[in-house]
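Read through the structure below, which is laid out as structure tokens, and then see the notes.
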Amino acid sequence: VALEADLRRALAQEEFVLHYQPQVGVDGRLAGAEALLRWNHPQRGLVSPAEFIPVAEDTGLIVPLGQWVLRSACRQLAQWAGGAATAALEMAVNVSAHQFHRPDFVGQVLAVLAETGAPAGRLKLELTESLLLKDVAGTVEKMFLLREVGVGFALDDFGTGYSSLSYLHRLPLDQLKIDRSFIQEISGEGHGAAIVRIIVALGQALDMTVLAEGVETAAQFDFIVAEGCQAYQGYLYSRPLPAERLAEFIAARA
Ligand code: G
Ligand code: G
Ligand code: MN
Ligand code: NA
């Protein structure tokens, strides 16, 4: 309850910020960034979403918070679209189940695109497997409506949920994101390497690109390239950065 009240106050006082983690092609081309929410708490400093997203989900606060994330990320995307070095970048935005399954979700995304002037064709929404499973018919309909204006979709944390091959091919997904737990297991005793291989094959069969999450070492990078992943993100390339730091990062590489 204390955290809930604190979250409400934080929303009103604009204590949230977005950081952006680069998403890169295995050829080294910067493809875009994933917007990651941070709470800049007056006493506690930067608080991880892992701590407060579950509370926001339980209390319904995720709806206004998710709306804030989408609007802020789209403002940033519109700004990128107007800059020579950033014009081609995509923006990936995490969407929670509660937010997605609201009846007015499609209308809200369209309104934010119109309001911010962000190019729909460079917005990518990251959905999770559990979200998709909740109402497959309704989900497919929403995804097709958004795809019509150019919005893309990635399946986040892939491999950790309960995807069914029987509906995966019905969804207009552009990308599978291999959960970082499998990337971390690549060189260990687990089945990480085999799972990466299977997800790449699945992506090829379903005509989806495959992005590896949480790539931290050169060995992991070499493996995902050899297996045919098209893109990656992770500390090896860059941590999530504040917008100004990302701009410096891009300028330094240009
Ligand atoms: O950035 P970090 O690793 O701390 O994120 C922790 C978790 O919070 C991840 O699962 C990530 O997907 C989730 N997350 C980060 N930003 C957002 C957001 O804007 N909306 C939602 N729904 N989840 C987010
Ligand atoms: O669930 P989602 O994929 O949205 O979560 C992204 C989270 O992963 C973010 O909180 C981000 O900070 C974190 N992250 C990004 N790159 C790495 C990495 O290379 N290693 C680790 N351990 N975490 C990472
Ligand atoms: Mn994500
Ligand atoms: Na993930």
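Against the definition (without any contact (Cβ under 8 Å) to a residue 60 or more places away in the chain and not small (Gly, Ala, Ser)), how does residue 225 come out, yes or no? Please lay out each step first, then the result.
Values: without any contact (Cβ under 8 Å) to a residue 60 or more places away in the chain: no; not small (Gly, Ala, Ser): yes.
Criteria not met by residue 225.
Cβ-Cβ contacts under 9 Å between residues 6 or more apart (or on different chains), taken from a first residue in the range 27-45 that is under 13 Å from residue 9 (Cβ atoms) to a second residue that is within 12 Å of ligand 3 (Cβ to nearest atom) and outside any loop (DSSP other than H, G, I, E, B), are listed as 39/49.
If you take the residues of the range 174-210 that are modelled with pLDDT under 90 and of a type outside the set (Gly, Ala, Ser), which of them is nearest to ligand 4 (Cβ to nearest atom)? Full working, then the answer.
Here is the first cut: in the range 174-210, the ones modelled with pLDDT under 90 are 187-192.
Now narrow it down to the ones that are of a type outside the set (Gly, Ala, Ser): 189, 191.
Working: 189: 22, 191: 18 Å.
Out of the qualifying residues, it is 191.
A quick yes/no check of all residues on (1) among the basic types (Lys, Arg); (2) more than 24 Å from residue 215 (Cα to Cα); (3) crowded, with 21+ Cβ neighbours inside 10 Å:
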position	(1), (2), (3)
25	no, no, no
29	yes, no, no
35	no, no, yes
45	no, yes, no
51	no, no, no
62	no, yes, yes
66	no, yes, yes
100	no, yes, yes
103	no, yes, no
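Here is the figure for the range 89-120: residues that are within 16 Å of ligand 3 (Cβ to nearest atom) and either in contact with a Ser or Thr (Cβ under 7 Å, 6 or more places away or on another chain) or not in a helix (DSSP H, G or I) (or both) total 8. Inclusion of residue 146 among residues that are more than 16 Å from ligand 4 (Cβ to nearest atom) and surrounded by 15 or more Cβ atoms within 10 Å (Cβ to Cβ) is warranted.
Looking at the range 121-139 only, could you name the residues that are more than 16 Å from ligand 3 (Cβ to nearest atom) and surrounded by fewer than 19 Cβ atoms within 10 Å (Cβ to Cβ)? Don't jump to the end; show me each part of the working.
If we filter the range 121-139 for residues that are more than 16 Å from ligand 3 (Cβ to nearest atom), which is where we start, we get 121-122, 133-139.
Within the range 121-139, 121, 133, 134, 135, 136, 137, 138 qualify.
Looking only at the range 151-173, count every residue that is within 16 Å of ligand 4 (Cβ to nearest atom) and modelled with pLDDT of 95 or more and tell me the total. Even if it seems obvious, please write down each step before you answer.
Of the residues in the range 151-173, the ones within 16 Å of ligand 4 (Cβ to nearest atom) are 153-163, 173.
Filter once more, so that each one left must be modelled with pLDDT of 95 or more: 153-156, 173.
Qualifying residue count for the region: 5.
Residues that are farther than 21 Å from residue 92 by Cβ and surrounded by 15 or more Cβ atoms within 10 Å (Cβ to Cβ) were ranked within the range 199-224; the one that is farthest from ligand 2 (Cβ to nearest atom) is 223.
Output yes when any residue across the range 185-192 is at positive phi, surrounded by 18 or more Cβ atoms within 10 Å (Cβ to Cβ) and touching a Phe, Trp or Tyr at 6+ places or on another chain (Cβ under 8 Å), and no when none is. Within the range 185-192, not a single residue is at positive phi, surrounded by 18 or more Cβ atoms within 10 Å (Cβ to Cβ) and touching a Phe, Trp or Tyr at 6+ places or on another chain (Cβ under 8 Å).
Among the residues of the range 128-184, write down those that are in contact (Cβ under 8 Å) with a residue 40 or more places away in the chain and among the small types (Gly, Ala, Ser). Listed by number, the residues that qualify are 152, 154, 159.
The values are calculated or read from the model by the stated rules, or taken from the named source; none is laboratory data. From a predicted model like this one, the values you see are computed outputs, not experimental measurements. Note: ideal-geometry Cβ built from the backbone for every residue, glycine included; neighbour counts use all protein chains shown.
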